[in-house]
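Engineer: Just passing along the structure, written as C-alpha cells.
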Amino acid sequence: MIAVTGATGNVGRELVELLAAAGEQVTALSRRAPGATLPGGAVHRVADLDDPVALPSALDGARSLFLIVAGSVPEAVLKAAQAGGITKVVLLSSQGAGTRPDAYRHASAHEAALRTSDVEWSVLRPCGFTTNTFQWAEGVRTRRTVSAPFADTALPMIDPADIAAAAAVALTEGGHHGRTYELTGPESLTPRQRAQVIGEALGEPITFTEQTPEEARSDMLHMMPEPVVDATLAILGTPSPAEQAVSPAVEHLLGRAPHSYAHWTERHLSVFR
Ligand SMILES: NC(=O)c1ccc[n+]([C@@H]2O[C@H](COP(=O)([O-])OP(=O)(O)OC[C@H]3O[C@@H](n4cnc5c(N)ncnc54)[C@H](OP(=O)(O)O)[C@@H]3O)[C@@H](O)[C@H]2O)c1
C-alpha cells in the first residue's frame, strides 16, 4: 500500500488517480476530506503533518510514502512515518532547495532530514507549476486579460501531472534510492507567451498587462508568506541559468517528453472560458 500526502492538491490528486489506475492500494492523506470521490482502491484518512502524533495509525498498512514539505519538524514527520511502517519515501521538494537553499529553508530542511534517515528515499525538485497560472483564470474569463510581472522572462514551468507520474515511477520501481531529480517542463516560455497560448486555445486574443514587481508582490502577499513571495519573485524576475534550463529528468523517468504548456491549457480550458 502507498500513502500519498497532499492528496487533495494539484500533484497529490493526480498521483492518487495514477496509482489507483495502476492497481495499487492507496491511502490518500490530507487535513480536510477530499471534495470529489476517490477512485476505487483509494481510501481517505485525515493527517496533519504539523501534528504527526496520529500519523502512524493513518499510515497503517502502507510501506511507501509520497511526502509533501509540510510540518514544522521534518524529523518528527519522518519518525512518525517510520513508526507507521514506512520504509520508502519520495519527497516533493522544490527546485529552490537546490538553487536558493537559504530562501527555501523549509524544503532544504526536509531534504536534509530525509537524507540522514534510514528509509529508502528519492527527492523530486520541481520548478514552478503550470497550475500557478490558475491565478489568471478570473481575468481571462471576465476581461480576456492577463496581468503578471516580468512579461518577457522565460521559465520552463512543469505540469503537476508530470510530477505525479515521476513520483509514481519512483514509488513503484526500484533504482531510485538516493536520487534527486530536478523536474521541469519541456520548454521555457515567458508569461506573455503563456497568455498567447491560452488565447490561441480559446480562439480569442488575450491582452497582456505587465505588472510592476511591487504590484505583483502586493497581490502575492494575499496568497503566501512574505519570504516565499520574495523568493518566488526573485525566480520569476531574475532566474539563474539553472532555473531557466530544461531538465531531461522527466523524459528519463517517464520515457516521454514532459507535457507542454499548450497541452496543460487544453486540459484545463474550461477554467479560462
Ligand atoms: N506551486 C509551485 O510552483 C511549486 C513549485 C515547487 C514546489 N512546490 C511544492 O509542491 C507542494 C504541493 O503543491 P500542490 O500544488 O500540489 O499543492 P496544493 O494544491 O496547494 O495542495 C496542498 C496539499 O497539501 C495538503 N496539506 C497542506 N498542509 C498540510 C499539512 N500540514 N498536513 C497535511 N496535509 C497538508 C492540502 O490538503 P489540506 O489543506 O486538506 O491538508 C493539499 O492536499 C507545495 O506544498 C510546494 O511545497 C510547489
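Engineer: Taking A70 as the residue in question, decide whether it is of a type in the set (G, A, S) and either within 9 Å of the ligand (Cβ to nearest atom) or in a strand (DSSP E or B) (or both).
Structural biologist: yes
Engineer: Okay, moving on. Residues of segment 1-21 being small (G, A, S), touching a strand residue (DSSP E or B) at 6+ places or on another chain (Cβ under 9 Å), more than 8 Å from the ligand (Cβ to nearest atom) and assigned to a helix (DSSP H, G or I), which ones?
Structural biologist: A20
Engineer: Could you list, in sequence order, the residues of segment 145-202 that are part of a loop (DSSP other than H, G, I, E, B) and either acidic (D, E) or touching a His at 6+ places or on another chain (Cβ under 9 Å) (or both)?
Structural biologist: Answer for segment 145-202, where residues must be part of a loop (DSSP other than H, G, I, E, B) and either acidic (D, E) or touching a His at 6+ places or on another chain (Cβ under 9 Å) (or both): D152, D159, E173, G185, P186, E187.
Engineer: Shifting gears a bit: For segment 184-201, give me each residue that is within 16 Å of the ligand (Cβ to nearest atom), within 19 Å of H268 (Cβ to Cβ) and either surrounded by fewer than 22 Cβ atoms within 10 Å (Cβ to Cβ) or among the aliphatic types (A, V, I, L, M) (or both).
Structural biologist: Answer for segment 184-201, where residues must be within 16 Å of the ligand (Cβ to nearest atom), within 19 Å of H268 (Cβ to Cβ) and either surrounded by fewer than 22 Cβ atoms within 10 Å (Cβ to Cβ) or among the aliphatic types (A, V, I, L, M) (or both): just L189.
Engineer: Restricting attention to segment 239-248, which residues are surrounded by fewer than 20 Cβ atoms within 10 Å (Cβ to Cβ) and in contact (Cβ under 8 Å) with a residue 60 or more places away in the chain?
Structural biologist: S240, A242, Q244, A245, V246
Engineer: Consider E251 against the criteria (1) more than 23 Å from L18 (Cβ to Cβ); (2) open to solvent by 40 Å² or more (accessible area, probe 1.4 Å): it satisfies all of them except one. Which criterion is unmet?
Structural biologist: (1)
Engineer: Out of the residues in segment 34-61 meeting the condition of being more than 22 Å from the chain's Cα centre (by Cα) and under 16 Å from L18 (Cβ atoms), tell me which one is surrounded by the fewest Cβ atoms within 10 Å (Cβ to Cβ).
Structural biologist: Ranking the candidates gives G40 first.
Engineer: For segment 137-171, name all the residues that are open to solvent by 30 Å² or more (accessible area, probe 1.4 Å) and not polar (S, T, N, Q).
Structural biologist: Result: E138, R141, R143, R144, F150, D152, M157.
Engineer: Sticking with this structure for a sec: Assess whether A164 counts as being touching a strand residue (DSSP E or B) at 6+ places or on another chain (Cβ under 8 Å) and over 26 Å from R217 (Cα atoms).
Structural biologist: no
Engineer: Surrounded by fewer than 18 Cβ atoms within 10 Å (Cβ to Cβ) and away from the ligand (no atom under 15 Å from the Cβ): is that true of T265 in this structure?
Structural biologist: No, not satisfied.
Engineer: Next up: Name every residue in segment 98-135 that is open to solvent by less than 10 Å² (accessible area, probe 1.4 Å), within 11 Å of the ligand (Cβ to nearest atom) and hydroxyl-bearing (S, T, Y), in order of residue number.
Structural biologist: Those that are open to solvent by less than 10 Å² (accessible area, probe 1.4 Å), within 11 Å of the ligand (Cβ to nearest atom) and hydroxyl-bearing (S, T, Y): T130, T133.
Engineer: List every residue pair whose Cβ atoms lie under 8 Å apart, where the two residues are 6 or more positions apart in sequence or sit on different chains, the first residue falls within segment 226-238 and is farther than 13 Å from E214 by Cα and in contact (Cβ under 8 Å) with a residue 24 or more places away in the chain, and the second residue, located anywhere, is open to solvent by 20 Å² or more (accessible area, probe 1.4 Å) and basic (K, R).
Structural biologist: A231/R100; I235/R100
Engineer: Go through segment 22-40 and count every residue that is at pLDDT 95 or above, of a type in the set (G, A, S) and within 16 Å of the ligand (Cβ to nearest atom).
Structural biologist: The qualifying residues number 2.
Engineer: I'd like to verify a number: residues in segment 202-239 that are under 25 Å from A161 (Cα atoms), at pLDDT below 95 and more than 15 Å from the ligand (Cβ to nearest atom), how many?
Structural biologist: 0
The values are calculated or read from the model by the stated rules, or taken from the named source; none is laboratory data. All values reported here derive from a predicted model rather than from experimental measurement. Reconstructed Cβ throughout: ideal geometry from the backbone, glycine too, with neighbour counts over all protein chains shown. Calculation scope for accessible area: heavy atoms of the full protein, side chains included, ligands and nucleic acids excluded. Shrake-Rupley method; radii C 1.70, N 1.55, O 1.52, S 1.80 Å.
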